[in-house]
Every structure is written in structure tokens, then in C-alpha cells.
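Q: I have a structure here, written as C-alpha cells, and I will follow up with some questions on it.
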Amino acid sequence: MNFKLNPTIRLVIILSLLALGAIYKNLENWQALGLHLISTLGFGIILFYIFKAITGKPKNIWNTVITSLIIFLVLNHGGNSEASLADISSIIYALAATFIAIASKFFLEPRGMPIINPTVLGLLAVYIIGKWILGYGGPFISWWGVAYNLYYIPLILMALWALWGLKSWNKWAPVLSFLLVVLATAYPVFGSWETVKFIFTDATIYFFATIMLVDPKSSPLLKKQQIFFGIIAAAVYQTLLYFHIPHYDLIAILCANLYFWGTKMFMLKKAANRQPNDIKNT
């Protein structure tokens, strides 16, 4: 394996290995898995080339693959092997989430940067549409493709990503600040040391922290901002979890993204206001 691969390709490899493990673990549901994969990865790639032809923007196909694979791993595949072909709603949710996520990469990036992590936007949007607008109950966002137990493969892959890819992103500060705050407040929130032990020995929280939370375009580069970013995400995460708010994890990323975007706009406005004075004083 070429260890000089860029972080984007490294993440594609990690997500692909996670997906293969999840498929193997749930092979009895091969029909549902096949439809789910086509509805996310296949549809995502098709959308990429359509939107690229329309906009002419020089986007990277591998970022679309990453987004599609994350949706595949997080959004439930819907039903068992006998019922999957009839479970149209899960396919519709997967197609809708993928469409919103990929479309946002081309059409919802003011100043060339997303306000919200596109994957989070897609998943939350389909939940809001399905649950609150259409009244169909919303999609089942189960993190199924990360939470499986197969010879500790998900945990090993998360450790490999942390050592092999995360360093290149220079995102250790938000990851550690998030995990430390969650750990410090874990017992009051969960009320059981066994539950705390399970949370931190399962791959899901590390997938959340090292991949979804610190998406390079929607999270800060400056260390001080990174620390606040991680703390805000953890505070929202734990507070919403304590009050049993659905999809507290995705909302935590949303809030952290909005904090980062707000501070970035404030700094840009401050710099723009300072510039005329600087010219005047020269």
C-alpha cells in the first residue's frame, strides 16, 4: 500500500473497508444492501457528473465518493432480505439524502466553502422532510455500518485512520477536545459506567469525531478555534442526548459548523472594515 496517498484517498480506503465489513456482517440482507449502495454511491457519482457538467466547477470525484459512502454507512439500509425490495421508503430517503448532500457541494457553498457539512445537511434535511413535513416518520439513521462487531474491525480501522489520515488534516485539537468533554460528562449523562464503557469501546463515537465532525471544509484550521469547535460540539451532543433529542449527534455537528461559519464571517467583515482605514493611513 502506498502510504504517500493524500488524505482524501486514504479516507476513501478506510470507508470502503468499513463498508465491506458491514456488508459481510449483514450479508443475509444482500438485497437491501445492494439497493442502498446503488441509492447512495451509484446515485452520488451520477449526480457528480451531471452537476459538474452544469456548473463547470472543478470538483473532486473522491469527495463525492466519501459523502456517498458515509451516507451508506450511517443511514439504515431498510428491512431484511425478504422485505427490502418492498421497502421503498428507505430507498427514497437514501436517494434524497444523497441528492441534497451532493447538490449542496455545487450550489450551496458561498465563498467556496460549505456552511454545513454536506452529509449532515442531507441526513437532517430528509429527517425534517420525512418526519415533520410529510409525516411519514422520517428515515432510520442508525449508524449501522460503523456499529457492527466483527473482530474489532471498525475500531481497528478508526485507529488506522487516526494514525494514517487524521494527522494530515491537522485536526487532533477538535477531536480531543470533543472526546475529553464527552468523557468528562459521560457518567451524569448515561448514568451507568457499563454504558460509558460501551460508548468508548464502540467505533461509532470515533467515526463521528475523526471523520464527520472534522470535515476539512466545514471545520476550522486555527487551533484555538478548533478547541472551541470541539467543545461546542460536545456540549450540544451531551445536552441533547441527556434530554433524549433525536439525532443529537448530527445537530451537534450542525451547531459547531454554524459557530465556525459565524466566526469566519465576523473575521472577514472585520478585515474588510479595517482595510479602508489602512489605505487611508498610508
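The values are calculated or read from the model by the stated rules, or taken from the named source; none is laboratory data. Just so you know, these numbers come straight off a predicted model, no measurement behind them. All Cβ positions, even for glycine, are placed from backbone atoms using ideal geometry, and neighbour counts span all protein chains on display.
Q: Given the conditions (1) among the aliphatic types (A, V, I, L, M); (2) assigned by TED's automatic domain parsing to the domain that holds H244; (3) buried (at least 19 other Cβ atoms within 10 Å of the Cβ), which single one is not true for L180?
A: (3)
Q: Here is a further query. Scan segment 201-227 residue by residue and report those that are closer than 17 Å to Y148 by Cβ and either in contact with a His (Cβ under 9 Å, 6 or more places away or on another chain) or not in a loop (DSSP other than H, G, I, E, B) (or both).
A: If the condition is that a residue be closer than 17 Å to Y148 by Cβ and either in contact with a His (Cβ under 9 Å, 6 or more places away or on another chain) or not in a loop (DSSP other than H, G, I, E, B) (or both), then T201, T204, I205, Y206, F207, F208, I211 are the ones that fit.
Q: Continuing with this model, one more query. Among the residues of segment 124-137, which ones are within 26 Å of A22 (Cα to Cα) and free of Cβ contacts under 8 Å to residues at least 24 places away in the same chain?
A: Matches in segment 124-137: G137 only.
Q: Output the number of the condition that T239 fails; it satisfies all remaining conditions of (1) within 21 Å of G122 (Cα to Cα); (2) assigned to a helix (DSSP H, G or I).
A: The number of the failed condition is (1).
Q: Going by what's in this entry, would I232 be described as of a type in the set (V, I, T) and over 19 Å from I115 (Cα atoms)?
A: Criteria not met by I232.
Q: Then there is this: List, please: which pairs have Cβ atoms under 9 Å, are six or more places apart or on different chains, and start with a residue in segment 71-85 that is closer than 18 Å to I141 by Cα and assigned by TED's automatic domain parsing to the domain that holds S142 and end with one that is buried (at least 18 other Cβ atoms within 10 Å of the Cβ) and at pLDDT below 50?
A: Pairs that qualify, where the first residue is closer than 18 Å to I141 by Cα and assigned by TED's automatic domain parsing to the domain that holds S142 and the partner is buried (at least 18 other Cβ atoms within 10 Å of the Cβ) and at pLDDT below 50, are H77/S84; G78/S84.
Q: Every residue in segment 111-135 that is in a helix (DSSP H, G or I) and among the hydrophobic types (A, V, I, L, M, F, W, C), please.
A: V120, L121, L123, L124, A125, V126, I128, I129, W132, I133
Q: Counting only residues that are at pLDDT 95 or above, more than 17 Å from the chain's Cα centre (by Cα) and of a type in the set (D, E, K, R), how many does segment 231-264 have?
A: Final tally of qualifying residues: 0.
Q: With (1) closer than 19 Å to L95 by Cβ; (2) of a type in the set (A, V, I, L, M); (3) more than 13 Å from the chain's Cα centre (by Cα) as the list, and L124 as the residue in question, which single condition is left unmet?
A: (3)
Q: Within segment 150-199, which residues are among the aromatic types (F, W, Y) and over 30 Å from N26 (Cα atoms)?
A: W169, W172, F178, Y187
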